[in-house]
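Undergrad: I have a structure I would like to understand better, so I am pasting it below and will then ask my questions one at a time.
FYI, it's all coordinate maths here, none of it is from the lab. Because the structure is a prediction, the values reported are computed rather than measured. Here Cβ is always computed from backbone atoms with ideal geometry, including for glycine, and neighbour counts include all displayed protein chains.
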Amino acid sequence: MNLLVTGGAGFIGANLIQHVIHRPEVARLVNLDCLTYAGHLINLAGAVESPKYVFEKVDIRDKSSVRELVRSHQITHVMHLAAESHVDRSIAGPDDFIHTNVTGTFHLLEACRDAWQDRTGATSEDGTRGAFRFHHISTDEVYGSLGPSGYFTETTPYAPNSPYSASKAASDMLVRAYHHTYGLPIVITNCSNNYGPFQFPEKLIPVVIGSVLERRPIPVYGDGMNVRDWLYVRDHVEALWKVLTGGANGETYNIGGSNEWPNLRIVELICDLVDEMAPQLGGRSRDLISFVKDRPGHDRRYAIDATKIREKLGWSPEFTFERGIRETVRWYVDNEDWVRNVLKEAKADE
């Protein structure tokens, strides 16, 4: 397996590379990343020592560079995570989300279609040439917003409500079209909200942890009762590997943590955990909570039905939210230097 991971210096990508780099199936692991504000090579300290690991600073918006990378490294498997992913940024400026998430995915698909069609060797039982697979990693936000009950399944109609989720929905459809039109071997996964080590400090959980540690006001949108299904990143990357290596050609799998929490309850829990782990800060961290005007188009609830991946591939999350959030808070408390460094790098890139 010559595995290409796009966006491998980001949050999920770095955790994925650390998870799979030493697997015997992987002969070479190529990390494609253009190192935007959210991508940092310090996330990969362990993996870079492996002789299997190769880093390529390439922007997936650069069609010729993507094509050359896939060709020169003789890529056989792709795990495509490179994307602009922050909803607030997509509202403020959607251009990068369309160019990266839609056009970038198109460039990667074209490069992989050429590589797949050029491959020789035995044809497998499902009609694919050799061992080639394109795994597109997406989000549950493509499904829109749920009411107080029900769950997203693999057959839920798409109804994206932000420029970010619309761009991911479009890229999902492109991947599906390349399978049905050209026969490209693909799998798609749609996951719930991830959390864990190495998440850039712009998403809810690291923002709250950082605010508590620095005794700054903690912004909470609206009434704080927007509900998300939370998935610990280490559970997610194990699910991604199972889908890459065992998922059925052309299928979609939803990956969820079965951990529904209102945003306000998460904020309160983080406050309590930091008070426990860093009592020297003094004061009651819940007093820092500040309600702010709700985000435009803020989906009320997401929740994943992960029955398919559980029954077909034998995956289920190992971490409860209580365990995962405790480990996450501890990681950020112990790694404040990492937070300062990535924020400094991001500011320098602006």
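Undergrad: Within a Cβ distance under 12 Å of Pro197, other residues only, what is the Lys/Arg minus Asp/Glu net charge?
TA: Details: positive: Arg234, Arg330; negative: Glu327, Asp334.
Within the 12 Å Cβ shell, the charges total 0.
Undergrad: While we're looking at this one, here's another question. So what is the 222 nm mean residue ellipticity for the chain from helices alone, if each DSSP H run of at least 4 adds -39500 (n - 2.57) and you divide by all residues, rounding to the nearest 500 deg cm²/dmol? All intermediate terms of the calculation are to be shown ahead of the outcome.
TA: Values: 11 runs with 134 residues, N = 350.
After summing the helix terms and dividing by residue count, I get -12000 deg cm²/dmol.
Undergrad: Based only on the alpha carbon positions, what is the Kirkwood hydrodynamic radius of the chain, in angstrom?
TA: Details: mean 1/r = 0.0483 Å⁻¹.
With all distinct Cα pairs of the chain included, I get 20.7 Å.
Undergrad: Sticking with this structure for a sec: Ranking request for peptides 160-171, 63-74, 238-249: highest mean number of other beta-carbon atoms within 10 Å first, then the rest in descending order.
TA: 160-171, 238-249, 63-74
Undergrad: Estimate the FRET efficiency between Glu327 and Val48 by the formula 1/(1 + (r/R0)^6), using the beta-carbon distance for r and 25 Å for R0, to the nearest 0.05. Kindly include the intermediate steps, with their values, before the conclusion.
TA: Details: r = 24 Å, r/R0 = 0.94.
The formula returns an efficiency of 0.60 here.
Undergrad: Viscosity 1.306 mPa s, temperature 10 °C: what is the translational diffusion coefficient of the stretch 120-254 from Stokes-Einstein with a Kirkwood Rh over Cα pairs, rounded to a whole number of µm²/s? Display every interim value, and only then the final one.
TA: Numbers: Rh = 17.2 Å.
Answer, rounded: 92 µm²/s.
Undergrad: I've got another one for you. Find the percent of Cα-Cα distances in the stretch 236-313 that exceed 22 Å, and round it to a whole number.
TA: Taking all Cα-Cα pairs of the stretch 236-313, the fraction more than 22 Å apart is 53 percent.
Undergrad: With unit charges on the beta carbons (Lys and Arg positive, Asp and Glu negative) and the dipole taken about the Cα centre of the chain, which residue among Trp338, Phe321, Ile186 sits farthest to the positive side?
TA: Ile186
Undergrad: Please name which of Ile289, Cys271, Val243 has its Cα lying farthest along the dipole of the stretch 240-350 towards the positive end, using unit charges on Cβ (Lys, Arg +1; Asp, Glu -1) and the Cα centre as origin.
TA: Val243
Undergrad: Just how large is the dipole of the stretch 153-253 about the Cα centre, in debye to the nearest 20, putting +1 at every Lys and Arg Cβ and -1 at every Asp and Glu Cβ? Display every interim value, and only then the final one.
TA: On the way: 8 positive and 9 negative charges, 42 e Å.
So the magnitude is around 200 debye.
Undergrad: Next up: Can you tell me which of 297-307, 195-205 comes out highest on packing, and rank the rest after it, using the mean Cβ neighbours within 10 Å?
TA: Numbers: 297-307: 18.6, 195-205: 21.6.
Put in order of decreasing packing, that is 195-205, 297-307.
Undergrad: What dipole magnitude, in Debye to the nearest 20, does the chain give about its Cα centre under +1 on Lys/Arg Cβ and -1 on Asp/Glu Cβ? Please list the in-between numbers first.
TA: Details: 37 positive and 46 negative charges, 64 e Å.
That gives a dipole near 300 debye.
Undergrad: For the stretch 189-327, count the residues as N, evaluate 2.2 N^0.38 Å, and divide the Cα radius of gyration by that value, please. List each step's numbers first, then the result.
TA: Numbers: Rg = 16.6 Å, N = 139, 2.2 N^0.38 = 14.3 Å.
Against the empirical 2.2 N^0.38 Å value, I get 1.16 for the stretch 189-327.
Undergrad: If you wrap the stretch 23-148's Cα atoms in a convex hull and average its projection over all directions, what's the area in nm²? Please list the in-between numbers first.
TA: Working: hull surface 43.5 nm².
Mean orientational projected area (the stretch 23-148, Cα hull): 10.9 nm².
Undergrad: Roughly what % of DSSP beta bridges within the chain run antiparallel, to the nearest 5?
TA: Close to 10 percent.
Undergrad: So what is the relative contact order for the stretch 1-65, in percent, with contacts set as C-alpha pairs under 8 Å and at least six apart?
TA: Over the stretch 1-65, the number comes to 37 percent.
Undergrad: Same structure, new question: Can you list the residues, at least 5 places off or on another chain, whose amide H is less than 5 Å from the amide H of Arg295, using H built in the peptide plane?
TA: Under 5 Å from the amide H of Arg295: Gly222.
Undergrad: First measure r as the distance between the Cβ atoms of Met277 and Ala348, then evaluate 1/(1 + (r/R0)^6) with R0 = 22 Å and state the FRET efficiency to the nearest 0.05. Walk me through the numbers on the way to the answer.
TA: Details: r = 30 Å, r/R0 = 1.37.
With a Förster radius of 22 Å, E is 0.15.
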